[in-house]
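Novice: Could you have a look at this structure, given as structure tokens, before my questions?
The values are calculated or read from the model by the stated rules, or taken from the named source; none is laboratory data. Source: prediction; values computed, not measured. Reconstructed Cβ throughout: ideal geometry from the backbone, glycine too, with neighbour counts over all protein chains shown.
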Amino acid sequence: MMKHDFLFPVTKKQKNILSSVMLVLPYVLIFLGFIIVPILIAFSLSFTYFDTINPPEFAGFDNYVYMLTGDEPFVRNIIPNTLKYAFIVGPGGFALSFLMAWMLAQLQRGPRKYLSLLLYTPSMVGAILVTILWRSLFNGSETGYFNAFLLHYDFIEQPIQFLQSPDYLLNIMIIVSLWSSMGIGFLAMLAGILNINPELYEAARIDGMKNRFQEIFYITIPAMKPQMLFGAVMAIVNAFNMGEIGVLLSGINPTPQYSGSLIVNHIADFGFLRYEMGYASALSVVLFLIVFAFTRVSKILFGSD
Amino acid sequence: MSLKGTHINPKKFHRSQIKFYLILVPIAAVMLLPIFYIFSQALKPLDELMLFPPRFFVQKPSLRNFNMLIMTAGETGIPLTVYLFNSVLVAVIAISVNLTLTMITGYALSKKRFKGRQTLFNINQAALMFVPIAVSIPTFLVIVNMGILDTLAAHILPLLAMPVSLFLMKQFIDQLPDEIIEAARVDGASDFYIIRKIVVPLTKPALATVAILTFQATWSNLITSQFYINSELKKTFAFYMSTLTSTLEITVAGQGMAAAAGLIMFVPNLVIFIIMQNHVMDTMSHSGVK
């Protein structure tokens, strides 16, 4: 049965291909325009000088050389801060999500539902409320809740400028990010644990499984590797998406003595404040490489092959 | 820790669960304290905001901060409702388009056979690690060159590139049996008919999840208003709230208003998630990355 509703006759197979293309085309265009093209632009601009007014001028590896030899805050603060933050918030948030999910899975449906809602809630407060909330708690005057608490119980004599102090800012950022780290990766891992076939546990017990740690490492994790990988990727992406938190909390970019500045803030500093787009793009490329390295490790740990 | 007692997803309470409650309940409580604090802060009347040492819980709750916030907002000349309208408009369009987009693309990637299908899915899966904030500058250049700077499209299009939505949708459609779709095809049903009459009714949980994720991404988004929109009249509620609160926080009275503003932004997220929690969990069961 061949219908001639096209300008020229088409076979069923061609029609099928045509309809498949029509279905995926809109998404592919958006994906190209707002993911692939921006990444390619970032990559190309990273080899140029570009001040947004004059056309980009080829600069070879100058931006990357400057990054390592001329940009002192980058070497001294940005990279160590970014790595410390990413290593604690990424794997830390991931481990926390897994442990919470594992414990929740041992409860009945009712309490599990409410407790998981409570743990998930901080991840959806959004940038605005996160800022207002933690700025209010860590306010540097004696009206700040933590300062008032510490003063009242005589732990300190003077209020501490938590959010302006290089000693505290990065650690506070880590606490805030961990607080809001149980997002959809956490929900995915919870669902993954609940989906494991109970017969696997039964069989392992018969085979002489001794304790819960063995059970986690030999049954639970291997049986839910795909969700572990999803959770790991989400944890890393979430950590970097929260990267502006230092600037939001301290209210300035760069943060006091660069103490809470991460590579994301450095990109905004050079791109939108100094209009050095070439250098900012080189920083973006470095950020991509860092995220890529983290996901690569997750893949090695939890990939299925 | 012995293996006796608890199981995964138990039906009944067993005393071996007590240790989990002893860990989980305090952690959940500590995590929730900051949120209680901000609720309480938003409801505090002026004298309680000024109190030293500050109290955690409000004594005489009042809506004064909310009223003051609306009054202050009115002073700038642009009514609050304009920003609110923009935000709702952006969210509604973004959600509708994203649901359509992920549905048709997810269906094609899952149930159609064509060359490049697997490659497309793999690229999208790799893009799960995409961090949009890293390319805000190139994205700006794309928007300028498309000629959509300062338009509604600049609010919406960048947020539609959301690999996680497509990923979850495709994984969910994967578990629908191929037979029912083949049967419809043999009867001569078109793809759009199959999507509307068969796939959509069976993928409600995934649709709900995509809707929530899109809502969360648009409702609290600051980047589009900050960089891609110039006219005040076209900016969103989230952006307005963030500029307003950054000036408010300096005074003690302003802190109460800032808390109120933050809550207005947060409560819709919370309510929508609570309504759809079961759907989200159902979708997450199919979220594994292979």
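Novice: Within the stretch B:99-128, which residues are of a type in the set (Gly, Ala, Ser) and either in contact with a Leu (Cβ under 7 Å, 6 or more places away or on another chain) or at positive phi (or both)?
Specialist: Of everything in the stretch B:99-128, those that are of a type in the set (Gly, Ala, Ser) and either in contact with a Leu (Cβ under 7 Å, 6 or more places away or on another chain) or at positive phi (or both) turn out to be B:GLY106, B:ALA108, B:GLY116.
Novice: Are any residues in the stretch B:94-124 surrounded by fewer than 17 Cβ atoms within 10 Å (Cβ to Cβ) and β-branched (Val, Ile, Thr), and if so, which ones?
Specialist: Hits for the stretch B:94-124 are B:THR100, B:THR119, B:ILE123.
Novice: Being in a helix (DSSP H, G or I) and more than 7 Å from chain B (Cβ to nearest Cβ) is the filter here, so list the residues in the stretch A:146-157 that pass it.
Specialist: A:PHE146, A:ASN147, A:PHE149, A:LEU150, A:LEU151
Novice: In the stretch B:123-225, which helices (runs of 4 or more DSSP H) lie fully inside it and hold 3 or more residues that are within 20 Å of the chain's Cα centre (by Cα), within 12 Å of another protein chain (Cβ to nearest Cβ) and modelled with pLDDT of 90 or more?
Specialist: In the stretch B:123-225, the matching helices (runs of 4 or more DSSP H) lie at B:152-160, B:163-174, B:204-219.
Novice: Inside the stretch A:50-145, counting only helices (runs of 4 or more DSSP H) that do not spill past its ends, which hold 1 or more residues that are of a type in the set (D, E, K, R) and within 12 Å of another protein chain (Cβ to nearest Cβ)?
Specialist: Filter on the stretch A:50-145 gives A:109-120, A:126-137.
Novice: Among what's in the stretch B:267-290 and is without any contact (Cβ under 8 Å) to a residue 24 or more places away in the chain and either over 30 Å from B:ILE173 (Cβ atoms) or hydroxyl-bearing (Ser, Thr, Tyr) (or both), pick the residue that is farthest from the other protein chains (Cβ to nearest Cβ).
Specialist: Going through the qualifying residues, I end up with B:VAL267.
Novice: Residues that are buried (at least 23 other Cβ atoms within 10 Å of the Cβ), at least 1 per element: which helices (runs of 4 or more DSSP H) completely within the stretch A:193-274 meet that?
Specialist: Helices (runs of 4 or more DSSP H) meeting the threshold: A:225-241, A:245-250, A:263-268.
Novice: I would also like to ask the following. Please specify each residue of the stretch A:136-159 satisfying the condition of being within 20 Å of A:SER261 (Cβ to Cβ) and in contact with a Gly (Cβ under 8 Å, 6 or more places away or on another chain).
Specialist: Scanning the stretch A:136-159 gives a single hit, A:PHE138.
Novice: From the list A:ILE35, A:ILE30, exactly one residue is assigned to a helix (DSSP H, G or I), touching a helix residue (DSSP H, G or I) at 6+ places or on another chain (Cβ under 8 Å) and within 30 Å of A:GLY260 (Cβ to Cβ). Which is it?
Specialist: Every option except A:ILE35 fails the conditions.
Novice: Considering each of A:MET224, A:MET277, A:MET234 in turn, give the residue that is more than 23 Å from the chain's Cα centre (by Cα) and at pLDDT 90 or above.
Specialist: So the residue among A:MET224, A:MET277, A:MET234 that is more than 23 Å from the chain's Cα centre (by Cα) and at pLDDT 90 or above is A:MET277.
Novice: Within the set of pairs 6 or more residues apart or between chains, which connect a residue that is over 17 Å from B:LEU207 (Cβ atoms) inside the stretch B:154-170 to a residue that is basic (Lys, Arg) with Cβ atoms less than 9 Å apart?
Specialist: B:ALA154/B:LYS234; B:HIS155/B:LYS234
Novice: If the requirement is being more than 25 Å from the chain's Cα centre (by Cα) and of a type in the set (Lys, Arg), which of these qualifies: A:ARG109, A:ARG135?
Specialist: Of the residues listed, the single one that is more than 25 Å from the chain's Cα centre (by Cα) and of a type in the set (Lys, Arg) is A:ARG109.
Novice: Residues to consider are B:PRO53, B:PRO45; find the one that is more than 27 Å from the chain's Cα centre (by Cα), free of Cβ contacts under 8 Å to residues at least 12 places away in the same chain and not assigned by TED's automatic domain parsing to the domain that holds B:LEU263.
Specialist: Result of the check over B:PRO53, B:PRO45: B:PRO53.
Novice: Give me the residue from the stretch B:172-210 that is touching a residue at least 60 places away in the same chain (Cβ under 8 Å) and over 17 Å from A:LEU23 (Cβ atoms) and, out of that set, surrounded by the fewest Cβ atoms within 10 Å (Cβ to Cβ).
Specialist: B:GLN175
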